Amino acid sequence: MEENSIEIKHLTRKFPGFALDDVSFSVPRGSIMGFVGENGAGKTTTLKLILNLIRRDSGDIKIFGMDNRKDERKIKADIGVVFEDVRFHDILTPEELAPILANLYPNWDNALYDKYLREFSLPKTKKIKEYSKGMRMKLSIAAALAHRPKLLLLDEATSGLDPMMRSEILDIFLDFIQDEEHSILFSSHITSDLEKVADYITFLHEGKVVFSKSKDELLYDYGILKCSSAEAKQVDPADVVRQRKTTFGCEMLVCDRRRAAAKYRNMVLDHTSIEDIMLFYAGRDEK
């Protein structure tokens, strides 16, 4: 069995004014990959390329070891998809939606679908157009899970949900990968959610992959060095990934927090977050 549920190599797709440029990363089987980046970075475009909703200019995309174009039908039977803009016809009810989805997915489990509807407090006979944004998102998640996929592609799947429901959904995602056979590619702006559940983080910026690393490695190794402008001159540029000016001096993103702690004992060194790292990379480097 393939070690990676998704393997992308040198993926390129050009649009007027934007290009997804030589994107490469993989999602190991049995893991959750957090997919982050600012609006317009190319995250949704990448997901659509994986699903073959748009055609790539060059590069390779393999899902479960198969080419996503040659084996599209077979692959899609084992993928659950949740996009931020839920696309179910709003004149239907969840009850009326079930037989339609059952015809599309050979592994559709109606009992499991009903279970999620109950857990998410979604009325089966209420029209989807009467659902709130959060309820529509929960319906989309229920439908994605009900055909027992091996891979989930999530685009802002916790958007519009209150903190309590987000926590419950994240627990469901963690349960989903427990057998180490299932995987999730989870695009989200809510980086705190990714810090709770992701095993890896891929950061896309202006159409290019900045890094694709273990989440624990990022949070353990990176740090923020805070110092005055005068002290900043004492810092070895080789230790600094990016830096920015502040009212009181400057802040520097370092990729080896332990080394920085030993070398710059008179300076403040804080832990960092995924959001902090993104902001440093996406912002202007003020060296």
Exercise for the section: State whether one or more residues within the stretch 85-94 are of a type in the set (A, V, I, L, M, F, W, C) and either within 21 Å of the chain's Cα centre (by Cα) or open to solvent by less than 10 Å² (accessible area, probe 1.4 Å) (or both). Expected result: yes
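For every residue, the table says whether it meets (1) among the aromatic types (Phe, Trp, Tyr); (2) assigned to a helix (DSSP H, G or I); (3) modelled with pLDDT of 95 or more.
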position: Met33; (1), (2), (3): no, no, yes
position: Ala41; (1), (2), (3): no, no, no
position: Thr46; (1), (2), (3): no, yes, yes
position: Arg55; (1), (2), (3): no, no, no
position: Glu96; (1), (2), (3): no, yes, yes
Practice task
Looking for whichever is under 25 Å from Phe280 (Cβ atoms), of a type outside the set (A, V, I, L, M) and either free of Cβ contacts under 8 Å to residues at least 60 places away in the same chain or open to solvent by 60 Å² or more (accessible area, probe 1.4 Å) (or both) here; the options are Gly17, Gly40. Which one fits?
Solution key: Gly40
Completion exercise
Restricted to the stretch 217-231 and to residues being of a type outside the set (A, V, I, L, M, F, W, C) and in a strand (DSSP E or B), the residue least open to solvent (accessible area, probe 1.4 Å) is Gly223
Exercise for the section: Give the residues of the stretch 245-286 that are farther than 27 Å from Glu206 by Cβ, open to solvent by less than 50 Å² (accessible area, probe 1.4 Å) and not in a helix (DSSP H, G or I), sorted by residue number. Expected result: Gly249, Tyr264, Met267, Leu269
Exercise for the section: Select, from Ser58, Ser121, the only residue that is of a type in the set (Ser, Thr, Tyr), open to solvent by 40 Å² or more (accessible area, probe 1.4 Å), over 21 Å from Val197 (Cβ atoms) and free of Cβ contacts under 8 Å to residues at least 24 places away in the same chain. Expected result: Ser121
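The values are calculated or read from the model by the stated rules, or taken from the named source; none is laboratory data. The model shown is predicted, which means the values in this text are computed figures rather than measured ones. No Cβ is skipped: glycine too gets one built from the backbone with ideal geometry, and neighbour counts run over all protein chains shown. Quick note on the areas: whole protein, heavy atoms, side chains included, nothing else; ligands and nucleic acids left out. Shrake-Rupley method; radii C 1.70, N 1.55, O 1.52, S 1.80 Å.
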